[in-house]
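> Below you will find the structure I want to go over with you.
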Amino acid sequence: MLSWFDAKAAKDFGILIASIYIDCIPPSEKLSEKKLVALSRQALSKMGREVISFKQTNQLNTYKTAQMGNTFKWKLKDAGYDDNQIDKLTEWLMAIAR
């Protein structure tokens, strides 16, 4: 029962996924729309592969998924991304994590 609330791996994974995005698209870099779209596709593809791999070895319940999403969101906020962009990325992560 207590393992249901053990979200350490999920939180660590949220940080990892946010770090992948930050490495691919630094928040301080001014990119053209075309370049941003190309880099976003690459980042989301890489992040998606990581999520699939993580889900194969970790069971995500509602609590763990929420903790992962919250950690991901705050890591991006701390990096300086726009709130709208963060919300869209977090929604994307929550959708594929289910």
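> For helix 83-97, report the angle its Cα long axis makes with the longest principal axis of the Cα atoms of the chain; keep it between 0 and 90° and round to the nearest 10°.
40
> Now a separate question. Are there trypsin sites (Lys or Arg not before Pro) in region 14-58 that DSSP puts in a loop and that have at most 12 other Cβ atoms within 10 Å, and which ones?
30
> Under a straight-distance cross-link criterion of Cα-Cα below 18 Å, which lysines are reachable from residue 11, leaving out those fewer than 8 residues away in the same chain?
55, 64, 73, 75, 77
> Can you give me the angle between helix 62-79 and the longest principal axis of the chain, using Cα atoms only, in degrees from 0 to 90, rounded to the nearest 10?
Around 30 degrees separate the two axes.
> For the chain, what class follows from the C-alpha gyration tensor (a ≥ b ≥ c being the square roots of its eigenvalues): rounded when a/c is under 1.5, otherwise prolate if a/b is larger than b/c, else oblate?
Judged from the Cα gyration tensor, the chain comes out prolate (a/c at least 1.5, a/b above b/c).
> Only Cα pairs within less than 10 Å get springs; with that Gaussian network setup on the chain, which residue of 76, 16, 39 has the largest fluctuation?
Per the Cα network of the chain with a 10 Å cutoff, 39 tops the list.
> Rounded to the nearest percent, how much of the accessible area of the chain (1.4 Å probe, protein heavy atoms only) is carbon and sulfur?
Within the chain, the accessible surface is 53 percent carbon and sulfur.
The values are calculated or read from the model by the stated rules, or taken from the named source; none is laboratory data. The structure displayed is predicted, hence computed values, not measured ones. All Cβ positions, even for glycine, are placed from backbone atoms using ideal geometry, and neighbour counts span all protein chains on display. All accessible areas refer to the heavy atoms of the entire protein, side chains included, with ligands and DNA or RNA removed. Shrake-Rupley method; radii C 1.70, N 1.55, O 1.52, S 1.80 Å.
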